[in-house]
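A.B. asks: Sharing a structure, written as structure tokens. Questions coming.
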Amino acid sequence: MPKSRIRKKSDYTPPTTTTATPVKLKSGRGFVAPIMLGLFLAGLVWIVVYYVTSAQWPISAIGNWNIVIGFGFIAAGFGVSTQWK
């Protein structure tokens with residue numbers, strides 16, 4: 001069986017040193033958390049007020065759709081939370 005050739009490898013050269021750039025920690029989205037929490041609380045308050053007042057408040061004419069509106073606020077809060085970094 002023929003013997004394989006030995007490859008010549010070049011000497012190791014360390015990478016050149018570069019100056020490290022500082023990491024920017026601010027994302028500019030400081031408004032997301034307060035809006036998210038506000039929507040969560042608005043939905044919770046909407047549903048609680050609906051149950052505590054025996055369907056007289058916030059909008060008595062739409063009946064059980066008040067629960068859907070409350071959960072809509074909560075779902076919007078989750079939607080806003082996807083923008084949080």
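A.B. asks: Of all residues in the range 37-66, how many are of a type in the set (Gly, Ala, Ser) and surrounded by 13 or more Cβ atoms within 10 Å (Cβ to Cβ)?
C.D. replies: Step one: of the range 37-66, the residues of a type in the set (Gly, Ala, Ser) are 38, 42-43, 54-55, 60-61, 63.
Among the residues that remain, those that are also surrounded by 13 or more Cβ atoms within 10 Å (Cβ to Cβ) are: 38, 42-43, 55.
Number satisfying all stated conditions: 4.
A.B. asks: Please state which of the following conditions THR53 fails to meet, knowing it meets all the rest: (1) farther than 30 Å from LYS85 by Cβ; (2) modelled with pLDDT under 80; (3) of a type in the set (Val, Ile, Thr).
C.D. replies: THR53 satisfies all of (1) farther than 30 Å from LYS85 by Cβ; (2) modelled with pLDDT under 80; (3) of a type in the set (Val, Ile, Thr) except (2).
A.B. asks: Condition first: modelled with pLDDT under 75, within 30 Å of GLY79 (Cβ to Cβ) and open to solvent by less than 100 Å² (accessible area, probe 1.4 Å). Now tell me which residues in the range 10-33 satisfy that.
C.D. replies: Correct list: SER27, GLY28.
A.B. asks: When you look at ILE69, is it open to solvent by 50 Å² or more (accessible area, probe 1.4 Å), outside any loop (DSSP other than H, G, I, E, B) and in contact (Cβ under 8 Å) with a residue 40 or more places away in the chain, yes or no? Before the answer, list the steps.
C.D. replies: On the way: open to solvent by 50 Å² or more (accessible area, probe 1.4 Å): yes; outside any loop (DSSP other than H, G, I, E, B): yes; in contact (Cβ under 8 Å) with a residue 40 or more places away in the chain: no.
Taking the combined requirement at face value, the residue does not satisfy it.
The values are calculated or read from the model by the stated rules, or taken from the named source; none is laboratory data. As the structure is a prediction and not an experimental result, all values here were calculated from the model. Cβ atoms come from the backbone with ideal geometry, glycine included; neighbour counts cover every protein chain shown. Ligands, DNA and RNA are stripped out before the accessible areas are found, and what is left, the full protein with its side chains, is counted by its heavy atoms. Shrake-Rupley method; radii C 1.70, N 1.55, O 1.52, S 1.80 Å.
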